[in-house]
Amino acid sequence: MMAGAVDQRVLQALELVYAADTPVAQRREAEDVCQQLRESAQGPAYGVQLARASNGYSPMARHFGLQLIEHALRYRWGAGKKGGQLGSDECLQLRDQVWELVFDACPRPGSGGGGGGGQRDPQYISEKLVAVLAML
């Protein structure tokens, strides 16, 4: 999986996880794909790509992107901490990217709201972004 462009397999897995009519076995496979990404070294980069409003992903995918970032902050932040797998350069880069997400979400005068495209983000996106920011 490459972080530059989000793999279609991830987007399809998200659709299956959230679709009400997905068979249980298929949903479990899709959840496994999401969990593997969450635990992979590429998780934070995927998270940033998915969460960025300007990339045009659905709110569901953007929320999952923020979950990926949150997971990295909670379990992988700081190589000096127990379980920390992100080096100091990676931590600084992720911190800066989170701040970019926050600035992109802030309403601009005359734009009608945040979300990069002049639209207001759904409340759950804003709340997750605040939770991620608080973890920094």
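The values are calculated or read from the model by the stated rules, or taken from the named source; none is laboratory data. What you see is a predicted model; the values in this text were computed from it and never measured. Here the Cβ positions follow ideal geometry from the backbone for every residue, glycine too, while neighbour counts run over all protein chains shown. All accessible areas refer to the heavy atoms of the entire protein, side chains included, with ligands and DNA or RNA removed. Shrake-Rupley method; radii C 1.70, N 1.55, O 1.52, S 1.80 Å.
Worth a mention:
- The heavy atoms of Ser58 present about 50 square angstrom of accessible area, all protein chains included, probe 1.4 Å.
- With 0.36 nm allotted per residue and the present C-alpha distance subtracted, the Asp7-Met135 stretch has 43.4 nm of extension available.
- Modelled spin-label separation between Val24 and Ser40, with each label point placed 7 Å from Cα along the Cα-to-Cβ direction: 2.8 nm.
- A simple rule links phi to the HN-Hα coupling: the Karplus curve 6.51 cos²θ - 1.76 cosθ + 1.60 with θ = phi - 60°, which for the stretch 9-20 gives 4, 5, 5, 5, 4, 4, 4, 5, 4, 8, 6, 5 Hz, with x for Gly and Pro.
- Around Pro107: net Lys/Arg minus Asp/Glu count, Cβ-Cβ under 15 Å: 0
- For the stretch 12-90, the relative contact order comes to 19 percent (Cα pairs under 8 Å, sequence separation of at least 6).
- Rounded to whole numbers, the Karplus 3J(HN,Hα) couplings from phi for the stretch 65-73 are x, 5, 5, 4, 5, 4, 4, 5, 5 Hz, using 6.51 cos²θ - 1.76 cosθ + 1.60 with θ = phi - 60°, and x at Gly and Pro.
- Projected label distance in nm at Ser88 and Tyr124, using a 7 Å step from Cα toward the beta-carbon: 3.9 nm
- Given a 1.4 Å probe and the protein chains as shown, Arg76 ends up with an accessible area of around 20 Å².
- Solvent accessible area, Å² - Met135, 1.4 Å probe, full protein context: 60 Å²
- Approximate spin-label separation Tyr75-Glu15, in nm, with each point projected 7 Å along Cα-to-Cβ: 2.7 nm
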